[in-house]
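Worksheet: one structure, shown below.
The values are calculated or read from the model by the stated rules, or taken from the named source; none is laboratory data. The structure presented is a predicted model; accordingly, all values stated were derived computationally and were not measured. Counting neighbours? That spans all protein chains shown, and the Cβs are built from the backbone with ideal geometry, glycine included.
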Amino acid sequence: MFLVLIVTIAISGSLSLLLSQARGPWTILDHPNERSLHTQPIPRTGGIAILLGIATGAVCLQFWTDHDMGGWPLYAAVVVLALIALSDDRHTLGAGLRLLVQIGVVAFLLFHYRPTNMGLLPMLITLLCLVWMINLYNFMDGMDGFAAGMAIIGFGTYALLGWLAGQHELAQGCAVLVAACAGFLLFNFPPARLFMGDVGSTVLGLLAGMVILKGHLEGILPFWLGILVFSAFIVDASVTLARRILLREPFWKPHKSHYYQRLVESGWGHRRTVLAEYTLMLACSVSALFATSLPAPGQWLILCLWAVAYVALIYLVNATKLKPAPAQGSKEDKSNNRE
């Protein structure tokens, strides 16, 4: 397993280095605009390095341990989602087409992996949750090192949980995801030299949702505690979307009103903000790990405490008034976000 992780990091890191320097017909640049947090064009093909790292790790895992990372339905769904995302990064596809493909991919996965006793209503709710995970991860991919860091901490937590529960396939699969994202993060940590683009963010969103679902179905971690692990993304994206809908703003259009974006622009900058977010993510993961040893009332108490904490954090961000951040060289934003 150690060799699998080393190979995965090496492939992801090497390809990230290549893609961060390449300038050719295959290069897709993220040009800054009025909604961007960066000021110079940055390649946004890092998702390709992440996916090829995952693919390499999956092959090595199958060859050396006889374990797979989900089987051919998951691999097929990832390929389809990655191809539509790559087309969107290059040609800007319509939101309706992207959403239709995402729904089709999730429905395909649920058809293959659903429990036999799952009814129609739970199936529809699960489908909506997974589609939302795909999109919210894309919305939150707007700061150097943010989405990759969330993946490392979130999937790393599930790798540890799977190992403790004796679910070795889940643990090893999540460890491969961590390694692939770690190789990319070497070139995405502030100041970023490479962005993951829609290819990386949408696929990682799908995989995060599938891991939460599998952890719940396998009895490793209750659904709501799985949500807690990735709550730094889920709360920011969900509250921002709800706020824009209530204010009758065009929520489907690009914007810079996420809480992490507001912190960056208020003067915190990318590095300070992303390190603060890492601290929040780690605290959520440690809480979820601790909660697994508690009875249901204790788990719900932890969730309630985190709900209060998030309300307080939102209030503090709204109330904080700092000097505007100075212009900086290469800072990441998903300038092609379409929330």
Q: List every residue pair whose Cβ atoms lie under 8 Å apart, where the two residues are 6 or more positions apart in sequence or sit on different chains, the first residue falls within the range 46-61 and is over 15 Å from ILE28 (Cβ atoms), and the second residue, located anywhere, is charged (D, E, K, R).
A: ALA58/ASP68; LEU61/ASP68
Q.
Could you go through the range 53-63 and let me know if any residue there is more than 22 Å from GLY183 (Cα to Cα), hydrophobic (A, V, I, L, M, F, W, C), part of a helix (DSSP H, G or I) and at pLDDT below 95.
A. no
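For the range 218-233, state whether one or more residues are more than 26 Å from TYR310 (Cα to Cα), among the small types (Gly, Ala, Ser) and free of Cβ contacts under 8 Å to residues at least 60 places away in the same chain.
Within the range 218-233, the first condition is being more than 26 Å from TYR310 (Cα to Cα), and the residues that meet it are 218-219.
Retained after the next criterion (residues that are among the small types (Gly, Ala, Ser)): 219.
Going one step further and asking which of them are free of Cβ contacts under 8 Å to residues at least 60 places away in the same chain, we end up with 219.
Yes, the range 218-233 contains a residue that is more than 26 Å from TYR310 (Cα to Cα), among the small types (Gly, Ala, Ser) and free of Cβ contacts under 8 Å to residues at least 60 places away in the same chain.
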(Q) Quick check on the range 283-297. Is at least one of its residues surrounded by fewer than 16 Cβ atoms within 10 Å (Cβ to Cβ) and either at pLDDT below 85 or within 13 Å of MET140 (Cα to Cα) (or both)? (A) no
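On the basis of being modelled with pLDDT under 95, surrounded by 18 or more Cβ atoms within 10 Å (Cβ to Cβ) and under 30 Å from LEU99 (Cβ atoms), does GLU332 make the cut?
Numbers: modelled with pLDDT under 95: yes; surrounded by 18 or more Cβ atoms within 10 Å (Cβ to Cβ): yes; under 30 Å from LEU99 (Cβ atoms): yes.
In short, yes.
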Q.
Whether any residue in the range 38-46 is closer than 21 Å to SER201 by Cα, among the charged types (D, E, K, R), modelled with pLDDT of 70 or more and surrounded by 13 or more Cβ atoms within 10 Å (Cβ to Cβ) is what I want to check.
A. yes
Q: Being more than 18 Å from LEU81 (Cα to Cα) and either more than 13 Å from the chain's Cα centre (by Cα) or crowded, with 24+ Cβ neighbours inside 10 Å (or both) narrows it down to one of ALA151, ALA159, so name that one.
A: ALA159
